[in-house]
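Below is one structure, written out as structure tokens; comments come after it.
The values are calculated or read from the model by the stated rules, or taken from the named source; none is laboratory data. Everything numeric here is computed off the predicted structure, so don't read it as measured data. We place every Cβ from the backbone using ideal geometry, glycine too, and count neighbours over all the protein chains shown.
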Amino acid sequence: MRSFAIFLGLIALGFAGIALLGYPAWLLVSPLLDNPKFSRIASRVGMLILLVGFIFVARRLGVADRASLGYGLPAGSFAREAGIAFVSGALLMLPVVATMALFGLRELKPGLSVDVLLLSKLLLTGALSGLAVALIEETFLRGAMQTAITRESGAAVAIVLTSVVYAALHFVAGKYRVAPQDVGFGSGLEMLTVVLDDFADPAHLVDSFLCLLAVGVLLGVVRAITGNIAACVGLHAGWVTVIFVTREISRPNAESTASWLMGSYDGFIGWMVLAWIPVIGWILIGWYRRRQLTTLAAPG
């Protein structure tokens with residue numbers, strides 16, 4: 001568990017950076033900005049600390065090479081596998097959205113005219129955002145973290161532990177707001193308290209947490225089967241894209257008798273999605289296992 005503890009310490013270090021260095025960074029950077037926001041400056045400090053710490057930890061644990069990080073495939077093959085996974089992930093998410101519509105869980109936003117141009121813009125924005133998120137999270141979690149823990153404790157333990165972290169990090173919300181004139185030395189700690197506020201009442205997020213945990217396990221299994229994170233990046237980005245588009249053109253229907261199936265976390269990820277994960281997982285895991293067997297059986 002040494003590797004797991006080190007990665008948890010790295011995450012905690014990033015949070016500590018927000019609490020302790022957010023205000024000094026504000027004093028240094030805010031005079032240079034037209035519309036400075038404390039939460040943005042402090043969060044960038046935390047990210048910078050996390051990035052520098054990640055480089056050090058990855059080297060220390062021997063997972064700084066391409067293969068350990070999940071980038072062992074040639075660039076062309078990696079892009080192709082990620083692209084196939086993106087399309088597969090997006091298509092497999094469509095039945096989930098259709099089920100939500102069937103149960104009346106979401107409804108189109110009033111006054112919104114959905115046309116080809118709008119959908120194209122949303123798909124492009126969602127895909128770019130999803131790809132950025134997927135590359136960062138999959139490199140950190142299914143890349144370095146899962147590899148390091150697997151070497152110490154085995155693949156099953158690594159998949160579970162990284163999935164717990166993956167699920168938990170989704171509830172670290174950047175919703176802290178403070179007027180520039182009210183920023184002080186304690187603002188960093190106040191921001192950290194607000195950011196972690198969801199964990200003060202875990203009962204209201206159990207559905208979304210279990211759903212995200214299941215998604216993390218699925219991605220971890222795919223990583224273990226394929227030996228790289230190309231498919232994980234593609235699947236992750238494809239799912240984010242569909243969720244982004246769905247949330248942009250529709251809203252949760254609180255009047256639906258089945259509204260409890262929708263997650264309170266984001267109005268999407270909840271019991272309904274969780275019920276679909278075994279089906280999606282059965283399809284994906286079976287497909288990737290067959291692909292790996294085919295690859296191993298191929299001559300030369």
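Is it fair to say MET262 is touching a strand residue (DSSP E or B) at 6+ places or on another chain (Cβ under 8 Å) and hydrophobic (A, V, I, L, M, F, W, C)? When the stated conditions are applied, MET262 passes them.
Of all residues in the range 118-134, none that is in contact (Cβ under 8 Å) with a residue 24 or more places away in the chain and at positive phi has its Cβ atom under 6 Å from the Cβ atom of a residue that is surrounded by 14 or more Cβ atoms within 10 Å (Cβ to Cβ) and not aromatic (Phe, Trp, Tyr), 6 or more apart or on another chain. Per the conditions (1) of a type in the set (Gly, Ala, Ser); (2) exposed (fewer than 12 other Cβ atoms within 10 Å of the Cβ); (3) modelled with pLDDT of 95 or more, the sole criterion not satisfied by GLY111 is (3).
Mind counting the residues in the range 207-266 that are part of a loop (DSSP other than H, G, I, E, B) and either over 16 Å from the mean Cα position of the chain (by Cα) or farther than 16 Å from THR139 by Cα (or both)? Break it down into steps so the answer makes sense when it comes.
Looking only at the range 207-266, we keep the residues that are part of a loop (DSSP other than H, G, I, E, B), and these are 227-229, 253-258, 262-266.
Then drop every residue that is not either over 16 Å from the mean Cα position of the chain (by Cα) or farther than 16 Å from THR139 by Cα (or both), which leaves 227-228, 253-258, 262-266.
Adding up the residues that qualify gives 13.
When we screen GLY53, GLY22 for residues that are in contact with a Leu (Cβ under 7 Å, 6 or more places away or on another chain) and either surrounded by 12 or more Cβ atoms within 10 Å (Cβ to Cβ) or in contact (Cβ under 8 Å) with a residue 24 or more places away in the chain (or both), the only hit is GLY53.
For the range 5-56, enumerate the residues that are among the charged types (D, E, K, R), within 15 Å of VAL178 (Cβ to Cβ) and either in a loop (DSSP other than H, G, I, E, B) or over 21 Å from the mean Cα position of the chain (by Cα) (or both).
The first filter runs over the range 5-56 and keeps only residues among the charged types (D, E, K, R), leaving 34, 37, 40, 44.
Those still in the list that are within 15 Å of VAL178 (Cβ to Cβ) too: 37, 40.
Once the filter is applied, which keeps residues that are among the charged types (D, E, K, R), within 15 Å of VAL178 (Cβ to Cβ) and either in a loop (DSSP other than H, G, I, E, B) or over 21 Å from the mean Cα position of the chain (by Cα) (or both), the range 5-56 yields only LYS37.
Of all residues in the range 156-180, those that are without any contact (Cβ under 8 Å) to a residue 40 or more places away in the chain have Cβ atoms under 7 Å from Cβ atoms of residues that are hydrophobic (A, V, I, L, M, F, W, C) and not in a loop (DSSP other than H, G, I, E, B), 6 or more apart or on another chain, in VAL157/ILE149; VAL172/VAL195; ALA173/VAL195; LYS175/VAL194.
Listed by position, the helices (runs of 4 or more DSSP H) inside the range 112-183 whose residues that are closer than 25 Å to ASP201 by Cβ number at least 2 are 155-169.
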